[in-house]
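Notes to accompany the following structure.
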């Protein structure tokens, strides 16, 4: 078997198309540059990217800034065309373990569907509710994609729940979202946006107001329960829940809260034995929860906070301009008097060490506060709430987002861009700390 | 850390006096108390409570952002920046849960060792706060005894202290009650931490927090109404009242607030000061910090009213209290206790306790302190400095007169709309009553007033235009702006009495109204010698030769009779004059300042018969003040009459007898009553001996008192106080002092 060749990292000169012959159960790992196009095609054999197969004999463009792994079960030859930041092959992957996990979940889905057909009770007809947890850069998002794509390939329609407000894989950061996955996730376009369910938290960090974050999780879970109760197929397919990488202190507390709120019955712990042990102990009184330790892939790329920040900005831009900059958002002007802007959760919470001794906080952390429109709002994202009345805002999902480009205090007009033309679906807007500056 | 609970199962240094719970009547009275406090507006609204929490949350986020910035600037790596933390804590009335509407929030920021106070707290954090639009009135005081950053966030007033710990990283669950956090920190940090440590420890040491809170709200409000709530003036501040109330809660652990209030006044009206009030035993600790111990620390011996903080290092929180202010407070406790008894008998209601103290009707003589500056900022700074030193004038008067003249400072300042950029303080003066038949000794306090002025004008941040003037005013000459609405309250009975005492003068008739008018006119005209018109023509025969000083200079043993003690005092006076003499002739940039003290002449033959025991002050032949030379012809005739009280009318005498009878029937908690300051020469002598075993120590005590700053004086002053530099003494023994014996088998009803 011919040895795989390795290209030098950070190549600056244009590279000719090059082929890689991949051994069975090995993968080619590629990091794509922000501004240089790269495409890949399958020459022989079969290969997949995060659970989605490469089509035979066709070039597939890879999105900028992507970090992908092209894996083959039975061996394949793939060809790259374009400049990359880095590319290398590896035959050390946890894919066998991952696919075995998928097989177990698939069996549970089949049992649930059978139970539903036979008129079984609610619990028996419930498919696996998988929550993927682990520290930052342990490959949680990737594992979620693979589990979802493999299930969809077999005809299931699992629900993807994204609780990671820092990244935003379904929609923009600052949201917790859910969407059904009916076919393998597209390599280029990612997760489809036809009918996502989005609750707006408004910040990339849950510590700003953990209580609001918990309330939104509860609302999302409540809505999903309603959907499941009316759709046996969705319930049997179960859900895959992605989480944040913060696994200590408040982050750990929120993990436990998520497991309980979404009634997870399978906890997949990536890359940290300590967390696995803690979670096993925490849920051992509940016999219906399996806590499984999985290895993380060595190919997972470490990302620093600056990278995350830039990724957040790009995700916001993508919402308005498209991944390939192929969409044209619409600029609109609205009178201050025609919209009402609210902030969920009021101000910051006082730490317990600063309150009167023994006193409970009197400020409701989930209260709604009207916000005066000011120039501070320029460059921020506002969410459009589906609520009919202000008091319903925290329990309502959102229709979409606008980006404020100008605030004219004198004429009392706000200028914004939106993905669709025409009037806003609602006049109730939610303020956020998410910003994006057009560069 | 001191044990919160003894092995015996009770809190405090002694067993409780009574374990009785509230009766039906107590519960009704307690409900009335709570309603009274609520109607008085002492509870903040829900909206304000929410705003405070938001402000504290905002501040918490801000200091965390600040510390990350400070850590990055210090050159640490990104991982360390990520872990860097600072925390805020509150203390004082907010943390105790007894704050009222609009109260400041006493706050402490705790940071790691690389975030130093001067470089990072007062510079970087200050700059971050300055850039926040919701922050206003940012006012740093880095030189204070307890350095503080004052500001408002969204209108809420914050006093922020800083504790620079030795930790590399401040854990989010940091426990300030652990003594080891005091290790390897500077003294400003120890003092900054004390507010939080003491506040939290008090709540650990009281058996019922809710009863404690209600009682403390009541007592604080009462103290403010009666003018005894001011640490800087020598009365008590929030932390002192909290410890006093906490002690009552320990002694009556199951009592309801109305009973606790009554017991508070009863216990402290009879307390044998200077026995200390403590919530727990004083422990030496292992860090070598000095703790309060009058057997070893000479400064602690002079404390008049020790109220010891319960967190290591235990110290006296009330070292500002003077003989005068202690006397006033005891009088107030006694008055309040009598009213509580009347309430218990259904003869009075809670309102009576809160009648505002009639300060400007209680004395015949006052000192008026008038300060001025060139602009509002200068006046604010100047005012803070002067206010913090006024108590030293009280101490000087007491020392100079051997505690025969006492001064009652009014705890608030006044402003006169007709004189912008001016500020006024007042002190009531009274003479201690004696039973001695001989004529009272006369004291000339002009020297110590000048000494006080010189000390004040040595202000480190003095600026052109800052000035102070101390004047003697009589009750009828009190300016109108001190009265509500600018109208002097009428007292018909006293007016009639006053007429018979009016002194004829060369410039005005004997008409009382004309005299009042002249006084007002003099003040408004701001003449150099406001009371010039009051001088009499006839010299006082008794003052012709000045003060007669005996020749003896020996130190007197305490067992000698009273007359000899007076001679000793006279010697002290002579020595004092000699020391003060050189200061008088030193050139000073304030040489042109006009006379600070003016005196009113009074002929001896006009004294009423019942004033025979009153003392008089008169000036010596030599002039102590340059400006006095302008009036050298009549300087020797200046007199200051300080009668301690108006003679009692027959009705008052009857009331007094009745009161005595009631008192005689009371069950006395203490084995013996502490003698009154005004009773008998023998007790007076005993007190003098016990208070000042050696004259040399007396001066040291006074100086020590003046150097010390109040524990709570964190925010208001821009004082550049001298740093207290004392070497740590040997570790003191465990101190067990108590004024209360074991409780009786059953608490008798009063």
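Values in this text are rule-based calculations from the coordinates and carry no lab data. Owing to the predicted nature of the structure, the values given are computational and were not obtained by experimental measurement. Every residue, glycine as well, gets a Cβ built from its backbone with ideal geometry; the counts of neighbours run over all protein chains shown.
Counting alpha carbon pairs within less than 8 Å and at least 6 residues apart, what relative contact order, in whole percent, applies to the stretch B:46-199?
Relative contact order, the stretch B:46-199: 23 percent.
Given the options A:19, A:126, A:410, which has the most mean-square fluctuation in a GNM of chain A, springs set between C-alpha atoms less than 10 angstrom apart? Result for chain A, Cα springs under 10 Å: A:410 fluctuates most.
Annotation: Cα Rg of the stretch A:94-294 relative to the compact-globule expectation 2.2 N^0.38 Å equals 0.95. As a rough footprinting exposure proxy, the listed residues B:432, A:218 were ranked by other beta carbons within 10 Å of their own, and the order from fewest upward is A:218, B:432.
Determine the relative contact order of the stretch A:110-187: mean sequence separation of Cα pairs under 8 Å and six or more apart, normalised by residue count, in whole percent. Walk me through the intermediate numbers first.
On the way: 89 pairs, mean separation 16.7, N = 78.
Computed over the stretch A:110-187, the figure is 21 percent.
With a 10 Å cut-off around each Cβ of B:57-65, the average count of Cβ atoms from other chains is 4.
So what does the Cα-only Debye profile of the stretch B:3-108 read at q = 0.12, 0.17 Å⁻¹, as log10 I(q)/I(0), no solvent term? Computed log10 I(q)/I(0) values: -0.75, -0.97.
Give me D for the stretch B:262-326 in µm² s⁻¹, whole number, from Stokes-Einstein with Rh from the Kirkwood sum over alpha-carbon pairs, 10 °C and 1.306 mPa s. Write down the numbers at each step before the final one.
On the way: Rh = 12.7 Å.
Taking Rh from Cα pairs, D becomes 125 µm²/s.
Placing dummy labels 7 Å off each Cα toward the beta-carbon, the span from residue A:222 to residue A:370 is 2.5 nm.
Counting every C-alpha pair in the stretch A:64-202, the share spaced more than 27 angstrom apart comes to 30%. Among B:183, B:139, A:102, sorting on how many other beta-carbon atoms sit within 10 Å of each Cβ, with the fewest leading, yields B:183, B:139, A:102.
Temperature 10 °C, viscosity 1.306 mPa s: under these conditions the Stokes-Einstein estimate for the stretch A:305-430, based on its Kirkwood radius over C-alpha pairs, is 96 µm² per second. Taking A:414, A:255, A:197 as the candidate residues, the one with maximal mean-square fluctuation in a Gaussian network model of chain A, Cα springs under 10 Å, is A:414.
Under 8 Å for C-alpha pairs, at least 6 residues apart: give me the relative contact order for the stretch B:359-477, rounded to a whole percent. Before the final figure, lay out each step's value.
Working: 168 pairs, mean separation 54.8, N = 119.
Computed over the stretch B:359-477, the figure is 46 percent.
Each of residue B:124 and residue B:167 was given a label point 7 Å from its Cα along the Cα-to-Cβ line. The distance between the two points is 1.8 nm. The C-alpha atoms of chain A define a longest principal axis, and helix A:210-229 lies at about 70 degrees to it. Peptide A:357-363 is shielded by partner chain Cβ atoms: per residue, an average of 6 of them sit within 10 Å of its Cβ.
Quote the Stokes-Einstein diffusion coefficient, in whole µm² s⁻¹, for chain A, based on the Kirkwood radius over alpha carbon pairs, a temperature of 4 °C and a viscosity of 1.567 mPa s. Intermediate results must be reported in sequence, preceding the final value.
Working: Rh = 23.4 Å.
Result for D is 55 µm²/s.
Given the DSSP H assignment, sum -39500 (n - 2.57) over each helix run of at least 4 residues in chain A and divide by its residue total; what's the result at 222 nm in deg cm²/dmol, nearest 500? Don't skip to the answer; put the middle values down first.
On the way: 7 runs with 103 residues, N = 439.
Only helices count here, giving -7500 deg cm²/dmol.
Using only the Cα atoms of the stretch B:359-477, construct the convex hull and provide its projected area averaged over every direction, in square nanometres to one decimal. Walk me through the intermediate numbers first.
Numbers: hull surface 32.2 nm².
The Cα convex hull of the stretch B:359-477, projected and averaged over all directions, gives 8.1 nm².
Relative to the longest principal axis of the C-alpha atoms of chain A, give the angle of the C-alpha long axis of helix A:140-153, reported between 0 and 90° and rounded to the nearest 10°. Roughly 70 degrees, rounded to the nearest 10. Relative to its residue count, the stretch A:18-90 spans a Cα convex hull of 70 Å³ per residue. Would you look at the GNM of chain A, springs on alpha carbons closer than 10 Å, and say which of A:367, A:111, A:352 moves the most? Highest fluctuation among the options: A:352.
Each peptide in B:20-29, A:115-124 gets a packing score, the mean of other Cβ atoms within 10 Å over its residues, and the list from highest to lowest is B:20-29, A:115-124. Helix A:273-283 and the longest principal axis of the C-alpha atoms of chain A enclose an angle of approximately 60°.
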